[in-house]
Amino acid sequence: YVVGILLAAAWDLFTFVTPIRGTQLGFTATTIGMILASFSAATFVVRVAMPGIARRYHEWQVLAGALTAATLCYVLLPFMQQPGTMALAAAALGLALGSGQPNVLALLHGAAPPGRGAEAIAIRASIGNLSAVSLPLAFGAAGATLGLFAVFWGLGAIVACGIPVAARRALKTSH
């Protein structure tokens with residue numbers, strides 16, 4: 001659940017803060033929409049590719065990579081000041097976060113007691129919905145107080161906390 005929450009938070013922050021950051025940089029609504037579209041397109045592409053990825057990598061390996069890539073994107077995003085570089089970072093983040101959810105769901109279903117997989121996934125959905133409501137409020141307050149750079153880096157640091165957990169699990173499953 002923790003890794004799923006971290007990935008959901010990273011997704012929610014991106015969709016919430018990108019329009020604010022784009023406006024701050026003087027981008028048009030169309031440009032901001034194109035940056036968000038590059039994120040969405042990447043989530044679609046990685047999900048289409050997921051069967052091939054799943055044949056090669058275990059869920060925890062994908063999640064460790066997703067957390068690492070998301071952290072790196074959040075460290076770099078505040079420095080992106082051009083639409084093209086922001087779109088590339090958005091696409092990289094979309095690939096990372098788009099790969100996360102299917103793997104979290106597969107792990108939850110597999111870890112749940114027999115016949116209770118739907119309950120585990122429903123709890124994950126409830127936590128995700130709570131995140132989608134509460135995190136924009138928290139990010140907005142933090143951004144107003146500390147600035148957007150602190151919000152990006154703060155979430156990057158929080159997401160990074162999940163890397164050791166996923167990496168340890170990835171090592172256990174690869175042996």
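The values are calculated or read from the model by the stated rules, or taken from the named source; none is laboratory data. Keep in mind that what you see is a predicted model, and the values were worked out from it rather than measured. With ideal geometry, Cβ positions are generated from the backbone for all residues, glycine too; neighbour counts draw on all protein chains shown. In case anyone asks, the SASA skips ligands and DNA or RNA and just uses the protein heavy atoms, side chains included. Shrake-Rupley method; radii C 1.70, N 1.55, O 1.52, S 1.80 Å.
In this rough spin-label picture, where each label sits 7 Å from Cα along the Cβ direction, the Leu25-Ala144 distance is 2.5 nm.
Of Arg55, Arg47, the residue with the largest accessible area leads and the full order is Arg55, Arg47 (1.4 Å probe).
With the helix formula -39500 (n - 2.57) applied to DSSP H stretches of n ≥ 4, the chain reaches a computed 222 nm mean residue ellipticity of -30500 deg cm²/dmol. A 1.4 Å probe run over the protein chains yields, for the chain, 51 Å² of accessible area per residue, whole-number rounding. Highest average first, the peptides 96-108, 122-134 ordered by how many other beta carbon atoms sit within 10 Å of their residues are 96-108, 122-134.
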